[in-house]
1. For the list (1) part of a loop (DSSP other than H, G, I, E, B); (2) surrounded by 16 or more Cβ atoms within 10 Å (Cβ to Cβ), I need the number of the one condition that Arg165 fails.
2. State yes or no: is Ala26 among the hydrophobic types (A, V, I, L, M, F, W, C), touching an Asp or Glu at 6+ places or on another chain (Cβ under 9 Å) and within 24 Å of Val170 (Cα to Cα)?
3. Scan segment 16-27 for residues that are within 25 Å of Glu197 (Cα to Cα) and surrounded by fewer than 21 Cβ atoms within 10 Å (Cβ to Cβ) and report the count.
4. Could you tell me which numbered condition Arg193 fails, if it satisfies all but one of (1) within 23 Å of Asn82 (Cβ to Cβ); (2) at pLDDT 95 or above; (3) not small (Gly, Ala, Ser)?
5. Let me confirm something: among Ala37, Ala33, Ala16, which residue is in a strand (DSSP E or B), in the same structural domain as Phe96 (by TED's automatic domain parsing) and either among the hydroxyl-bearing types (Ser, Thr, Tyr) or out of contact with any Lys or Arg (no Cβ under 6 Å at 6 or more places or on another chain) (or both)?
6. Please go through segment 124-145 and pick out each residue that is part of a loop (DSSP other than H, G, I, E, B) and among the aromatic types (Phe, Trp, Tyr).
7. Output the number of the condition that Cys202 fails; it satisfies all remaining conditions of (1) surrounded by 20 or more Cβ atoms within 10 Å (Cβ to Cβ); (2) within 22 Å of Phe103 (Cα to Cα).
8. Specify which of the listed residues (Pro63, Pro6, Pro36, Pro105) is surrounded by fewer than 16 Cβ atoms within 10 Å (Cβ to Cβ), more than 23 Å from Ala183 (Cβ to Cβ) and at pLDDT below 95.
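The values are calculated or read from the model by the stated rules, or taken from the named source; none is laboratory data. These figures come from a predicted structure and were not determined experimentally. Heads up, the Cβs are rebuilt from the backbone with ideal geometry, glycines too, and the neighbour counts pull from every protein chain shown.
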Amino acid sequence: MIVPAPTSPAVSIIVALHNCLHLTQAMLRSLDATWPADVTRELILVDDASSDGTRAWLAALPPTPQRRFIHVAQNVGYAAANNLGARDATGQRLLFLNNDLEFSPGWVEPLLRAHARLGDTAGVTGNVQRRWDSDAVDHAGIRFGPKGKPEHRSDLPFRRAGRFRSTDAVTGACFVIDRELWARLGGFDERYRNGCEDVDLCLRVRELGLPVGVALDSCIRHHVSRSPGRRDHDEENTRRLFARWEGTLASLALKRWSADELDVGWTSPRDPRAAASALALLFYRVGLRRTAPRAARDGIRRALAAEQERWARIARTEN
């Protein structure tokens, strides 16, 4: 008798857990209810030393071949916990999720479809996230402001079905990446502690010439930064990101300035004279973008230098 070899799932879902058990329970219910039956998966839950009953609750769940648990005795943080889960994954693609998400039918298909469409050149693909409490768009990509700090985009184009928006980075709350690329990158940099590890990963993907972007017709809801200690290391994380990527951040900040200059803010005026005026303004701003005025470059450099000096003062105080 020939026993067929087990097949790997199409997607390995990795979720790092640290307390917030009620959110984990709600997330898993909505994940099970909305996952398409024709996409094979495995679910890897990494309990990062929760103290609210999460471990006992996981132990009571009925075991299945598609669901595995990893328990960490001491809290190691988001990056390390996800790296542990990814090492145990067998799927072709890795889907990282936060435990404070909730899903509606039809969220995952466009995300996976947009990523698969990139083929061998796929990098990192995220999606649109709305705040659970207000339904306002919280994340539609990440770009860098004039101080070189990451900012979440909250704008959406009028037409977005099937569209992929290229962006500087995406949040780690929900994104998909091929397992081979993840291994090539070495996963998250564990020197970051609960912040900026997702941005750093995306910048490393971009450094390889691979795309980072958002599947605009995939949308989920997010409770946003509910895990304990989520903001405790923001300053340290940003300082580390700046030290690693200073030149890249300056370039991306200038690109952001150029994009803002092109934002005319004009929507189908009925007056032909208004249309002509808007068109003239557009050509003027295209000219600005092409020349990338020295004043803009110098202003961004000064802003980045001021941030660098501020961090240096903090370091001197700490020492």
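1. That leaves (1) as the condition not met.
2. Values: among the hydrophobic types (A, V, I, L, M, F, W, C): yes; touching an Asp or Glu at 6+ places or on another chain (Cβ under 9 Å): yes; within 24 Å of Val170 (Cα to Cα): yes.
So Ala26 passes the test.
3. Total meeting the criteria: 3.
4. (2)
5. Numbers: Ala37 fails: in a strand (DSSP E or B); Ala33 fails: in a strand (DSSP E or B).
Matching residue, one of Ala37, Ala33, Ala16: Ala16.
6. Residues of segment 124-145 part of a loop (DSSP other than H, G, I, E, B): 132-136, 140-141, 145.
Hit for segment 124-145 is Trp132, nothing else.
7. Checking Cys202 against (1) surrounded by 20 or more Cβ atoms within 10 Å (Cβ to Cβ); (2) within 22 Å of Phe103 (Cα to Cα), the one that fails is (2).
8. Values: Pro6 fails: more than 23 Å from Ala183 (Cβ to Cβ); Pro36 fails: at pLDDT below 95; Pro105 fails: at pLDDT below 95.
None of the other options fit; the residue is Pro63.
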